[in-house]
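Chemist: Below: one structure in structure tokens.
The values are calculated or read from the model by the stated rules, or taken from the named source; none is laboratory data. Just so we're clear, the structure is a prediction, and the values are computed from it rather than from any experiment. No Cβ is skipped: glycine too gets one built from the backbone with ideal geometry, and neighbour counts run over all protein chains shown.
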Amino acid sequence: MADINTSNKKTDGETVSVACKLPHGLVLRIFNICEIDVPVMGGGFKKEKQAQERDEAYVVHGWSHAQNAAPHCTIIGGYAITEGIPKQHWELWLSQNKNSDMVKNHLIFAQNTVASVKDQSKEHAEQRSGLERLDPTKLPKALKTADMMNKEIAAKLAA
């Protein structure tokens, strides 16, 4: 298992700032594809490819925070901004995850400067992940608050 760098401070060289619209954030892990020998029934071995995690991983913040507490990072346009991710690590992670929906739908992206990642976050502010908090005043018809259900029950009992 990789050592997860939660502080993102152990970096030398170029870094990027990452914007993430996932509430829980993400751990950027990189894998090597290795061939291993796997035993088969009846004896012998066959070669299979297996992903093996590299030693270093970095945490990208998510926007979620307690309702009564301040955010733990900068949030712009619904994106949590994480600074100090090594550029080489980000580019390799991005190449391994380029077909992921979170990458294709711009739920996570990076820029070389904090200012440019903030600008891109503003541009994609209307992008939805489907994991946003519900607005109790604009619930879908199938969902009801406790107050709405109590009113319905009271109306049925009164009738």
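Chemist: Among the residues of region 26-48 satisfying the criterion of being charged (D, E, K, R) and surrounded by 10 or more Cβ atoms within 10 Å (Cβ to Cβ), which is farthest from L107 (Cα to Cα)?
Modeler: Looking at residues that are charged (D, E, K, R) and surrounded by 10 or more Cβ atoms within 10 Å (Cβ to Cβ), I get D37.
Chemist: Let me ask another. Which of the following residues is closer than 20 Å to S17 by Cβ, out of contact with any helix residue (DSSP H, G or I) (no Cβ under 7 Å at 6 or more places or on another chain) and acidic (D, E): E152, E123, E83, E132?
Modeler: E123
Chemist: Hey, does region 98-105 have a residue that's assigned to a helix (DSSP H, G or I) and in contact with a Cys (Cβ under 9 Å, 6 or more places away or on another chain)?
Modeler: yes
Chemist: Now for a separate question. Determine whether region 113-121 contains at least one residue that is under 14 Å from H24 (Cβ atoms) and surrounded by 17 or more Cβ atoms within 10 Å (Cβ to Cβ).
Modeler: The answer is no, given that none of the residues of region 113-121 is under 14 Å from H24 (Cβ atoms) and surrounded by 17 or more Cβ atoms within 10 Å (Cβ to Cβ).
Chemist: Next question, about the same structure. Does H89 meet the test of being surrounded by 12 or more Cβ atoms within 10 Å (Cβ to Cβ), of a type outside the set (K, R) and part of a loop (DSSP other than H, G, I, E, B)?
Modeler: No: the conditions fail for H89.
Chemist: Please go through region 65-107 and give me each residue that is more than 15 Å from I30 (Cβ to Cβ) and aliphatic (A, V, I, L, M), ordered by number.
Modeler: Across region 65-107, the qualifying residues are A66, A69, A70, I75, I76, A80, I81, M102, L107.
Chemist: To continue, here is another question. For the subset of region 55-77 comprising residues that are in a loop (DSSP other than H, G, I, E, B), of a type outside the set (A, V, I, L, M, F, W, C) and over 12 Å from the mean Cα position of the chain (by Cα), which member is surrounded by the most Cβ atoms within 10 Å (Cβ to Cβ)?
Modeler: Among residues in region 55-77 that are in a loop (DSSP other than H, G, I, E, B), of a type outside the set (A, V, I, L, M, F, W, C) and over 12 Å from the mean Cα position of the chain (by Cα), the one surrounded by the most Cβ atoms within 10 Å (Cβ to Cβ) is G77.
Chemist: Another question about this same structure. What are the residue pairs meeting all of these: first residue in region 27-40, first residue closer than 14 Å to Q96 by Cβ, second residue loosely packed, with under 11 Cβ neighbours inside 10 Å, Cβ atoms under 9 Å, and 6 or more apart or on different chains?
Modeler: Pairs found: F31/Q52; N32/Q52; I33/K49; I33/Q52.
Chemist: Considering only region 93-106, I want to know if a residue exists there that is among the β-branched types (V, I, T) and at pLDDT 85 or above.
Modeler: There is at least one residue in region 93-106 that is among the β-branched types (V, I, T) and at pLDDT 85 or above.
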